[in-house]
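K.L.:
Below you will find the structure I want to go over with you.
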Amino acid sequence: MRIIELEVNGKKTEVAIDERESLADTLRERLHLTSVKKGCEVGECGACTVLVDGKAVDSCIYLTLWAAGHKVLTVEGITGPGGELSAVQQAFVDEAAVQCGFCTPGLIMTAVEIVGTGRRYTREELRKMISGHLCRCTGYQNILNAIERVVNETHKAVGK
């Protein structure tokens with residue numbers, strides 16, 4: 001076991017890990033952040049997506065050791081202080097972009113990265129940006145609607 005330090009959802013965290021342990025395992029099993037879903041465990045489905053220093057990564061194939069000294073963000077870290085939904089989460093609710101919910105946390109984290117760029121994207125660009133996510137229920141249209149909505153609302157709010 002090795003002790004590392006990282007920032008998880010805005011809090012400095014020290015955790016003992018096996019050097020071969022995936023970030024998904026650490027987040028779920030050691031830190032009890034169960035929004036991180038383990039789907040394929042080979043980086044193909046996107047259910048385990050989290051942000052590391054603002055960039056979306058498949059945490060099932062990302063070693064926790066690599067996250068030492070970095071900032072990790074999960075769905076648990078994007079809600080408001082009173083538990084209110086983030087703009088991305090609210091857009092997913094409003095656009096009915098959630099069905100079974102298994103893929104939702106990963107898609108939300110990718111959407112957070114997309115919104116964080118401050119750019120506008122075409123629907124085709126957004127389609128490509130979420131192509132690393134497997135959703136077996138929604139057909140992706142409402143997910144794209146939700147992401148487009150929050151990107152557009154963010155641009156209106158900052159006057160772009």
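Matching residues to (1) modelled with pLDDT of 95 or more; (2) farther than 18 Å from GLY39 by Cα; (3) more than 17 Å from the chain's Cα centre (by Cα):
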| site | (1), (2), (3) |
| --- | --- |
| ALA91 | yes, yes, no |
| ASP94 | yes, yes, yes |
| GLY101 | no, no, no |
| ILE114 | yes, yes, no |
| ARG120 | no, yes, yes |
| ARG127 | yes, yes, no |
| HIS133 | yes, no, no |
| CYS137 | no, no, yes |
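K.L.:
I would also like to ask the following. Looking only at region 34-47, count every residue that is charged (D, E, K, R) and either in contact (Cβ under 8 Å) with a residue 24 or more places away in the chain or open to solvent by less than 20 Å² (accessible area, probe 1.4 Å) (or both) and tell me the total.
P.N.:
Within region 34-47, the first condition is being charged (D, E, K, R), and the residues that meet it are 37-38, 41, 44.
Then drop every residue that is not either in contact (Cβ under 8 Å) with a residue 24 or more places away in the chain or open to solvent by less than 20 Å² (accessible area, probe 1.4 Å) (or both), which leaves 37, 44.
Within region 34-47, residues that are charged (D, E, K, R) and either in contact (Cβ under 8 Å) with a residue 24 or more places away in the chain or open to solvent by less than 20 Å² (accessible area, probe 1.4 Å) (or both) number 2.
K.L.:
Across region 48-65, what is the total count of residues that are at positive phi and open to solvent by 50 Å² or more (accessible area, probe 1.4 Å)? I'd like the intermediate steps shown before the answer.
P.N.:
From region 48-65, those at positive phi are 53-54; that's our starting set.
Those left that are additionally open to solvent by 50 Å² or more (accessible area, probe 1.4 Å): 53.
Qualifying residue count, region 48-65: 1.
K.L.:
I want to confirm something. Restricting to region 66-86 and keeping residues that are surrounded by fewer than 17 Cβ atoms within 10 Å (Cβ to Cβ) and hydrophobic (A, V, I, L, M, F, W, C), which single residue is farthest from GLN141 (Cα to Cα)?
P.N.:
The extreme case among them is ALA68.
The values are calculated or read from the model by the stated rules, or taken from the named source; none is laboratory data. Keep in mind it's a predicted model, so treat the numbers as computed, not measured. All Cβ positions, even for glycine, are placed from backbone atoms using ideal geometry, and neighbour counts span all protein chains on display. SASA here: full protein model, heavy atoms, side chains in, ligands and nucleic acids out. Shrake-Rupley method; radii C 1.70, N 1.55, O 1.52, S 1.80 Å.
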